[in-house]
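Q: Okay, handing you the structure first.
The numbers here are math on the coordinates, done by the rules we state, and not lab data. None of the values given here were measured: they were computed from a predicted structure. A quick note on method: Cβ atoms are made from the backbone with ideal geometry, for glycine too, and the neighbour counts reach across all protein chains shown.
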Amino acid sequence: MMTNFNNINTRGIDKDEAMDIALKSEKTRDFKSSIDDVVIGLSSGTSGNRGMFLASDDEKARWAGIILAKMLPTSILKKQKIALFLRANSNLYESLNSKKIKFQFFDLIKPIDELKLELQDYNPSILVAPPSLLRMLAKKQLDNEINLTPTKIISAAEVLDPIDEKYIGEVFNQKVHQIYQCTEGFLGHTCDHGTIHLNEDFLYIEKKFLDDEKLKFFPIITDLERKTQPIVRYELNDILTLKKDACPCGSHNTAIEQIEGRADDIFYFRNDQNVLVPIFPDFIRRRVITSSDSIKEYKVVQESPEKMTAFIQSDEEISDLIHSSFVEFCESKGFKVPEIFFETYEYTQSLNKMKRIESLYKSDA
Ligand SMILES: [Zn+2]
């Protein structure tokens, strides 16, 4: 997509020029980058590997209509104050502003103690933010530093870990909804039952299955709406898990059990023949969060097939429990048990996406 950017977009926009404009606006944090009526956005990928998206005025309007239709808890005629926490603003989002719908962008680059005051002032009815930020806000709410009264909370931009979903949901006493959106488009969202459905009313999504059970897959998306930058059979490296049972909401759109993370975060263990075997992030996640009820926060990093580090925050000492959970898992599958190091989990606010399961090891497999 990025290599052939100039040929793929239908407005004759030059990649280098567009990238230049987008990077400048990110640096100055004045997010008004466009060429004529075409807005330019950047994905949050690592530099050198960043995606760029283009949308015309018409596409922006459609997108705004679709996202409001799908995400507003009530009629469009009811007043809503939406707070949107993002790494970078985009005039895409500002196109959502109207008399009834107030929209405010909160810059994730600002420290949380500054953000919390701005947010309290605004007191949104709908709060959209990455789960790492929602979790920090939930903590502030619990400590009575803020008193927010949102009627809908939507997690976006990062994997929503069950441990965070539970914490945020309990503090704000409501279901945490999810938007599945990336550079390539608005791909899915939760229904009233909390199930993520893919937006197959305007996307054609093929599944590239990753397991024998045919539950995990990479989505291959074709967007039936976008023309400025057509998205045709574009394979994403997000690992999605199909929901086995039908969702009670009755939607025919594919129901997703969970968005697990990126293919980059697949772990590798060695089997008894010394062959590297990929382990999906969810297997790692389950091992950790089911080890003990006293676990509060965690992150697991794989440095190599022989070494991983678990960062844990917990009321009790649970490293032995986690260690034996992995030993049990490896022995049942015939894997060599990697060395597991334990450290205390500490979260530092950052513009990087928070990942609870992260692989630093890049396999050639
Ligand atoms: Zn549903």
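Q: For residue 357, which sequence-distant residues (separation of 5 or more, or a different chain) have an amide H within less than 5 Å of its own amide H, given hydrogens modelled in the peptide plane?
A: Long-range HN contacts for residue 357: 300.
Q: Counting DSSP beta bridges in the chain, what percent are antiparallel, to the nearest 5?
A: Counting DSSP beta bridges with both partners in the chain, the antiparallel share is about 65 percent.
Q: Taking every alpha carbon pair in the chain, what does the distance histogram look like in 10 angstrom bins from 0, in percent?
A: Once binned at 10 Å, the Cα pair distances of the chain give 5, 22, 32, 27, 12, 2, 0.
Q: Which order, highest average first, do 63-76, 348-361 follow once you tally other Cβ atoms within 10 Å for each residue and take the mean per peptide?
A: My ranking of the peptides, most packed first, is 348-361, 63-76.
Q: Can you tell me what share of the DSSP beta bridges in the stretch 289-358 is antiparallel? A percent to the nearest 5 is fine.
A: 50
Q: List the trypsin sites (Lys or Arg not before Pro) in the stretch 105-189 that DSSP assigns to loop (not H, G, I, E or B) and whose Cβ has at most 15 other Cβ atoms within 10 Å. Which are they?
A: 175
Q: Name the long-range amide H neighbours of residue 55: under 5 Å, sequence gap of 5 or more, or other chain; modelled H, no Pro or chain starts.
A: Close amide H contacts, sequence-distant or interchain: 39.
Q: How large is ³J(HN,Hα), in whole Hz, for each residue of the stretch 252-260 in order, when computed from phi with the Karplus curve 6.51 cos²θ - 1.76 cosθ + 1.60 and θ = phi - 60°, using x for Gly and Pro?
A: Going residue by residue, I get 8, 5, 3, 8, 10, 5, 6, 9, 7 Hz, with x marking Gly and Pro.
Q: Another one. Restricting the count to DSSP beta bridges whose residues both fall in the stretch 231-356, what percent are antiparallel, rounded to a multiple of 5? Walk me through the intermediate numbers first.
A: Working: 18 of 24 bridges.
The answer is about 75 percent antiparallel.
Q: Angle, helix 131-142 long axis vs. longest principal axis of the chain, Cα atoms, 0 to 90°, nearest 10?
A: Its long axis makes an angle of about 90 degrees.
Q: Quickly estimate the mean residue ellipticity at 222 nm for the chain, helices only: each DSSP H run with n ≥ 4 gives -39500 (n - 2.57), and the total goes over all residues, rounded to 500. Could you put the intermediate results ahead of the total?
A: Working: 9 runs with 95 residues, N = 365.
Using -39500 (n - 2.57) per qualifying helix, the result is -8000 deg cm²/dmol.
Q: Rounding to the nearest 20 debye, state how big the charge dipole of the stretch 210-345 is about its Cα centre with +1 on each Lys and Arg Cβ and -1 on each Asp and Glu Cβ.
A: 600
Q: Related question: Averaging sequence separations of C-alpha pairs under 8 Å and six or more residues apart, then dividing by the length of the chain, give the relative contact order as a whole percent.
A: 11
Q: While we're on this one: Given H placed on each backbone N at 1.01 Å, which residues far from residue 200 in sequence or on other chains put an amide H within less than 5 Å of it?
A: HN-HN under 5 Å from residue 200: 254.
Q: Here's another thing I want to ask about it. Tell me, what is the Rg over Rh of the stretch 200-310, with Rh the Kirkwood radius over Cα pairs?
A: Computed over Cα atoms, the ratio is 1.05.
Q: Follow-up question, since we're still on this one. For the stretch 275-281, just list the computed ³J(HN,Hα) in residue order, Karplus coefficients 6.51, -1.76 and 1.60, θ = phi - 60°, integers in Hz, with x standing in for Gly and Pro.
A: 8, 6, 10, x, 10, 5, x
Q: Select from 149, 160, 181 the residue farthest towards the positive end of the dipole of the stretch 125-181; place +1 on Cβ of Lys and Arg, -1 on Cβ of Asp and Glu, and compute about the Cα centre.
A: Comparing the listed Cα positions along the dipole, 149 ranks first.
Q: Helix 319-333 against the longest principal axis of the chain: what's the angle in degrees, Cα atoms only, rounded to the nearest 10?
A: In the chain, helix 319-333 runs at an angle near 80 degrees to the longest axis.
Q: Can you tell me the FRET efficiency between residue 75 and residue 316 if r is taken as the Cβ-Cβ distance and R0 is 45 Å, rounded to the nearest 0.05?
A: The computed FRET efficiency comes out at 0.40.
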